[in-house]
Structure formats: C-alpha cells, structure tokens
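A.B. asks: Please read through the structure below; I'll follow up with questions.
The values are calculated or read from the model by the stated rules, or taken from the named source; none is laboratory data. Bear in mind that the values here come from a model prediction, so they are computed numbers and not experimental data. In this analysis, Cβ positions are derived from the backbone assuming ideal geometry, glycine residues included, and neighbour counts consider all displayed protein chains. These accessible areas exclude ligands, DNA and RNA; they are computed on the full protein's heavy atoms, side chains included. Shrake-Rupley method; radii C 1.70, N 1.55, O 1.52, S 1.80 Å.
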Amino acid sequence: MFLKDLIKKAALAAVSLVFLCSAANASAWDDYKKRYLSVDGAIVDTGNSNISHTEGQSYGLLFSLYFDDQKSFDKILAWTKKNLFNEEKGLYVWAYKRNENDPVSDKNNATDGDLMIAWVLLEAGKKWKNKDYTKRGQKLLSVIQNTLIINFAKKQVILPGVNTFLENSFVTINPSYYIYPALSGLYKHTYQKKWNEIAKDGKEIISAVNGRTVPITPDWVKMDLKGNVEVSDRWPTRSSYDAIRVPLYLYWDNQNAPELAPWKEWFSKFSATTTPAYVDVITGEKANYTMTSGLLNVRKLVMGETVEEPVFTNKDDYYNASLSMLAYLAFNHAFMQK
C-alpha cells in the first residue's frame, strides 16, 4: 500500500510538473492568437467591426516570427494572399470587411501594412532559410519603391496609399507609416541608401510641423511644394491612436532618438494614470479619458521604463493588444542586430 501511495504521488507530481512547464512556456503570442487570430489565418480587429486589414496581418506575421511560430506565420500569410492581395497592383488591399457584400470593395492599399509585410518576409527568409519568403519580400519591396515612395519638395515621402493622398500642390502623410526599424532593416537587406534617406526625411518632416501648441507628432500632416509642413485638416488635428506608433518606432530603431524628447516632455506633465488618450496638437484640447493598456506601454518606452511581456484581459481589444506586443518587441529591439 505504501508503494502504491508513492507511485500515485509521483504520478501527480509529474502531471503538476507538466502543467507548470506548459504554463511557463505559454506566451503573450499564444494568448494573442486565441483572442484575435481566426482558424483560417485572419487577425480580427475586435475594436473595429471585426474587420481584418493589412496592418493586423502584418502584425500577426511579425509576432509569429518573433515567437518562432512558422506554422502560424504560413497560415496568416496564406490568408493575406488569398483575401487581400491585388494581383493587378502587386500590393495588398487595405481592409477585408467581412460583414459587407463585397469585403474588399475599397481597393486602395495601406502602405504601413505593405511595408511591414515586406520587411517581415525578408526577416523570415533569413531566420528560417526560406527562399520563397525572401523572393516575395523582395518583389513586394520593389512595388513599394516604384509606386509608394516619391520625391516631393526634395524629401523622400511615403505615400499612405496609392490613391487620394497626392494632390497637385501638396501631399498628405501619415507619420506613423515611417516604420523606422523596418527602414533600417530594409537597408541591411538591400544595402540601398534610399531606406536610410527615407527615415532621415521622415524625422525631419515630423520635426518641422507648423502651427502646433503641443509639439508632439499629429496623426496626419500635409506638406506643400516648398516643403512647409502643417497638421492635415482632412482628419481631427490630434495626436492619438495613429501617432502613438511614432515614438514606438523611433525607440525601436534608436532608444536615444532626439525626436523622442517632445514626447517625453509631454508625458512628463502627467502621471501614468492621468495621461490623456489623445490631444489636439493645435488647440491643446485633451481627451476626457486616459490612456489604455497599449498606449501606456508605449509611454513606458518613452519614459525609459521596462516593458514586460504583455498579459491580456478581456478589456484589451485588438489594437491595444497589438500596441502592447509592439512595445514589447521594441523594448527588446527585435531584429535590430547591428
């Protein structure tokens, strides 16, 4: 009887050990997949009518690469190609609105998604020694260079999309589409100085915005033929959910980037629990609610605090969870080996 008890206790201990090891090996990516990745490979934007878009697909590819999950990578890549790839233009349609009769009726692209996908494909080709990833990344990058990078007012400008952003006298720019770690990574893959020039010009553009009373980057800006930069009036003149990625990408590429200084000064005016979710950079009007989890993790980067691997709750929608994951990767300078 004593021997049976010992065997039973040993078996229970073994089961407990397996459970503990499984829990220890679980990651934020595992939880992210359960919450936002569909069985067929779509990242679902739970805060935006459950659409899927190239932004989310590119993040899914990025996270699966970082967490060494090639199976999920291939599933996300296959869904993205099947449902979003525009064969005619060689780019990805920006959104899949699954609740509409034609989910991809808007054929315009979103360049941040295309740029991130190209970078991640090249990184995946290198990490997993997969020539197909590399070839697809190079092909997409070539299309981006030829259609979405323009010389305007003596600056290398990233068009937010093929359509609607370039006028005769000005260009509309989304500063958060300058994904600085991607631009640095693309230079390392191609040795083309153009990618460093794009990054340099992007930083000059965000530093030159006129008419602000709050000196952080707005969500959208416009630049005229003389190189004058103003806050765009096509959208609310805020620094909010788009622009929060600007300091994230700046830090990811260089934690000592001088362009982070205005953000640190702004955040220093508030405690973490009282930092407003957005501010109108012209009027100074602030949101009447505070930063959510994803935004707070970007704030941690700027303020020089540690960003832990995120733990999600039911309050975290897709975008907040994605920002937290991006901030975690930025803190660890993912793929930024010199």
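A.B. asks: Along each principal axis of its Cα atoms, how long is the stretch 251-301 end to end? Whole angstroms, biggest number first, please.
C.D. replies: Cα extents, longest axis first: 32, 25, 15 Å.
A.B. asks: May I pose another question? Using a 1.4 Å probe on the protein chains only, how many percent of the accessible area of the stretch 128-220 belongs to carbon and sulfur? Intermediate results must be reported in sequence, preceding the final value.
C.D. replies: Details: 2090 of 4260 Å².
Exposed carbon and sulfur together represent 49 percent of the surface.
A.B. asks: If I model a spin label at N86 and W128 as a point 7 Å from the Cα along the Cα→Cβ vector, what separation in nanometres do I get?
C.D. replies: 2.7 nm
A.B. asks: For the stretch 246-276 and the stretch 115-173, what is the centre-to-centre distance using only Cα atoms, to the nearest Å?
C.D. replies: Each part's Cα centre sits 26 Å from the other's.
A.B. asks: Right, another one. Any chance you could give the angle, 0 to 90 degrees and rounded to 10, that helix 318-331 forms with the longest Cα principal axis of the chain?
C.D. replies: Around 90 degrees separate the two axes.
A.B. asks: Kirkwood Rh, the stretch 178-301, all Cα pairs: how many Å?
C.D. replies: Working: mean 1/r = 0.0659 Å⁻¹.
15.2 Å is the Kirkwood radius here.
A.B. asks: To continue, here is another question. Measure of size requested: the Rg and Dmax of the chain, with Cα atoms as the atom set and Å as the unit; please supply both.
C.D. replies: Over the chain's Cα set, Rg and Dmax evaluate to 21.6, 90 Å.
A.B. asks: Evaluated at 20 °C with a viscosity of 1.002 mPa s, what Stokes-Einstein diffusion coefficient in µm²/s does the stretch 180-233 have when Rh comes from the Kirkwood expression over alpha-carbon pairs? Mind showing how you got there, number by number?
C.D. replies: Values: Rh = 12.4 Å.
Estimated diffusion coefficient is 173 µm²/s.
A.B. asks: Continuing with the same structure: Report, to the nearest 10°, how far helix 2-25 tilts away from the longest principal axis of the Cα atoms in the chain, using its own Cα long axis and a range of 0 to 90°.
C.D. replies: 0 degrees
A.B. asks: So how tilted is helix 111-127 from the main axis of the chain? Cα-based, degrees 0 to 90, rounded to 10.
C.D. replies: The angle comes out near 50 degrees.
A.B. asks: Could you sort the peptides 297-305, 215-223 by per-residue average Cβ neighbour count (10 Å cutoff), highest mean leading?
C.D. replies: 215-223, 297-305
A.B. asks: So what is the calculated 222 nm ellipticity per residue for the chain, using -39500 (n - 2.57) for each DSSP H run with n of 4 or more, over all residues, to the nearest 500 deg cm²/dmol? Please report the intermediate quantities before stating the final value.
C.D. replies: Working: 12 runs with 160 residues, N = 338.
Result for the chain, helices only: -15000 deg cm²/dmol.
A.B. asks: In percent, how large is the relative contact order of the chain, given Cα pairs closer than 8 Å and 6 or more residues apart? Each step should come with its number before you reach the end.
C.D. replies: Details: 532 pairs, mean separation 43.5, N = 338.
With pairs under 8 Å counted, the relative contact order is 13 percent.
A.B. asks: Let me ask something else about it. When the chain is fully extended, how far beyond the present Cα-Cα distance does S271 get from Q145, taking 0.36 nm per residue of separation? Each step should come with its number before you reach the end.
C.D. replies: Details: separation 126, 0.36 × 126 = 45.36 nm, distance 4.18 nm.
So the chain would gain 41.2 nm between S271 and Q145.
A.B. asks: Continuing with the same structure: How much length is gained if the chain between T46 and T283 is pulled fully straight, taking 0.36 nm per residue apart and subtracting their Cα-Cα distance, in nm to one decimal?
C.D. replies: Details: separation 237, 0.36 × 237 = 85.32 nm, distance 3.11 nm.
Length gained between T46 and T283: 82.2 nm.
A.B. asks: Something else now. Give the accessible surface of the chain per residue, rounded to a whole number of Å², with probe radius 1.4 Å and ligands, DNA and RNA excluded. Don't jump to the answer; show the numbers that get you there.
C.D. replies: Values: 16360 Å² over 338 residues.
Value for the chain: 48 Å² per residue.
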